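What follows draws every value from the coordinates through simple rules; no lab data is involved. What you see is a predicted model; the values in this text were computed from it and never measured. Every residue, glycine among them, receives a Cβ derived from its backbone with ideal geometry; neighbour counts consider all protein chains shown.
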Amino acid sequence: MTPAEVAAAAFPGSLDPEGSFVPVGSIVAAQQKFLKPALNGLYDRLEQGAYSELLEEYVKPALAHYVRYLLLPTIAAQVGTTGVVQPRSSSFGAASDKAVEAIRRRTRSDATALMQRLIEHIETLAADYPEYDPAKNVLNRVSTASGIVL
């Protein structure tokens, strides 16, 4: 995904439709942290341009939400030469840490639901995606509840 695609999908109504606030590194990090461990061999085929319909309808929505999850702390507080600061203006105030964390939990929950939707689709049509191995999908081996790995 491009930063503009992430901005459109994960930050609708953003004042920056080009997504200049979305670092490419955050997109790559989300792919490596969340998609690759679940999709295993299918991930490599997606990178090669295979399964464009799967990519557009299932993979990109999940990826956009994972990128949003990773970016929320950075958006809430910027790190600069003067330290960690929160943006302020005359018409908006910075959200509290509690509010940012609540939004972040909700975003992670939505991203997880979209990822589960993707995996269910792939596993339902297993013959269409021979590169995918459910035994190698980390989500089929590890579960979390309230941030605790079970």
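Each label point was placed 7 Å from the Cα along the Cα-to-Cβ direction; for His121 and Ala50 their separation is 1.7 nm.
A simple count of charges around Ala7, restricted to other residues whose Cβ falls under 15 Å of its Cβ and scoring Lys, Arg +1 and Asp, Glu -1, yields -1.
Taking max minus min of the alpha-carbon positions on each principal axis, segment 1-65 gives extents of 37, 22, 17 Å, largest first.
In this structure, Ile103 and Glu57 have a Cβ-Cβ separation that, at R0 = 22 Å, corresponds to a calculated FRET efficiency of about 0.30.
Among residues other than Thr107 with Cβ under 13 Å from its Cβ, the summed charge is +3 (Lys and Arg +1, Asp and Glu -1).
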